[in-house]
Amino acid sequence: EDKVVQSPLSLVVHEGDTVTLNCSYEVTNFRSLLWYKQEKKAPTFLFMLTSSGIEKKSGRLSSILDKKELFSILNITATQTGDSAIYLCAVEAYVRDTGNQFYFGTGTSLTVIP
Amino acid sequence: KAGVTQTPRYLIKTRGQQVTLSCSPISGHRSVSWYQQTPGQGLQFLFEYFSETQRNKGNFPGRFSGRQFSNSRSEMNVSTLELGDSALYLCASSPSVGPRGDQYFGPGTRLLVL
């Protein structure tokens, strides 16, 4: 069965720390891997990765995908209290007869303490 | 540009009833996807509509159905409600089908089934 697993489930850090969030997956016919940030409302898009080894970067956030080892990491440097949120990893895969499927991990809850 | 809107925002129903949720995508977006989010299962993909046709479908029973109108607005219907259907239902819009890099989520409809 296709699945996406995120670790750790939760994380508490101090402002200025660097954190690494993990996402491993087992899907057939992989198409893309996406990272979202969810605060008290709907998820907001962070990154989409389709090719292995390419790093996506936006400010203090960066992400890389390893398609051979089937995992991705999301890195946040110099964390701020505004980074506190649940970070969701999702994998898009093609399933015959039903089309593209989106499998989400349960998320990593990040709390940044001042 | 207005974001994705969902109505109603909150809803209370009893077992056995049916419910219809509505989603208006961002202007110009033609793809609408629906998701269910619960504490236990996390975020799960329901289906995606594009140009009034269901293009992709998640692993949910037939009680969950949807449709899309010519103006891209979409509705989701759940018949014969069960207690386990209590969840936050999110819709997301994007300009076209394909990788979800440009998917924007609405605020969600929180459904409580008693």
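The values are calculated or read from the model by the stated rules, or taken from the named source; none is laboratory data. What you see is a predicted model, and the numbers here were worked out from it, not measured in a lab. So basically every Cβ, Gly included, is an ideal-geometry build from the backbone, and we count neighbours across all protein chains shown. Please note that ligands, DNA and RNA were not included when accessible areas were found on the heavy atoms of the full protein model with its side chains. Shrake-Rupley method; radii C 1.70, N 1.55, O 1.52, S 1.80 Å.
Quick notes on this structure:
- Test: residue in segment B:67-82 that is within 14 Å of another protein chain (Cβ to nearest Cβ), out of contact with any Gly (no Cβ under 6 Å at 6 or more places or on another chain) and at pLDDT 95 or above: no
- Some residue of segment B:96-108 being modelled with pLDDT of 90 or more and hydroxyl-bearing (Ser, Thr, Tyr): no
- Flag for residue A:72 being touching a Leu at 6+ places or on another chain (Cβ under 6 Å), away from chain B (no Cβ under 14 Å) and free of Cβ contacts under 8 Å to residues at least 40 places away in the same chain: no
- Taken together, A:45, A:102 contain a single residue that is free of Cβ contacts under 8 Å to residues at least 12 places away in the same chain and among the aromatic types (Phe, Trp, Tyr), which is A:45.
- Segment A:1-35: number of residues that are open to solvent by 60 Å² or more (accessible area, probe 1.4 Å), within 14 Å of residue A:85 (Cβ to Cβ) and more than 14 Å from chain B (Cβ to nearest Cβ): 1
So that you can scan it fast, the table gives a plain yes or no per residue for (1) open to solvent by 60 Å² or more (accessible area, probe 1.4 Å); (2) among the aliphatic types (A, V, I, L, M); (3) within 13 Å of another protein chain (Cβ to nearest Cβ):
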{"site": "A:37", "(1), (2), (3)": "no, no, yes"}
{"site": "A:44", "(1), (2), (3)": "yes, no, yes"}
{"site": "A:53", "(1), (2), (3)": "no, no, no"}
{"site": "A:58", "(1), (2), (3)": "yes, no, yes"}
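- In segment A:77-111, the residues that are under 20 Å from residue A:16 (Cβ atoms) and under 11 Å from the mean Cα position of the chain (by Cα): A:87, A:108
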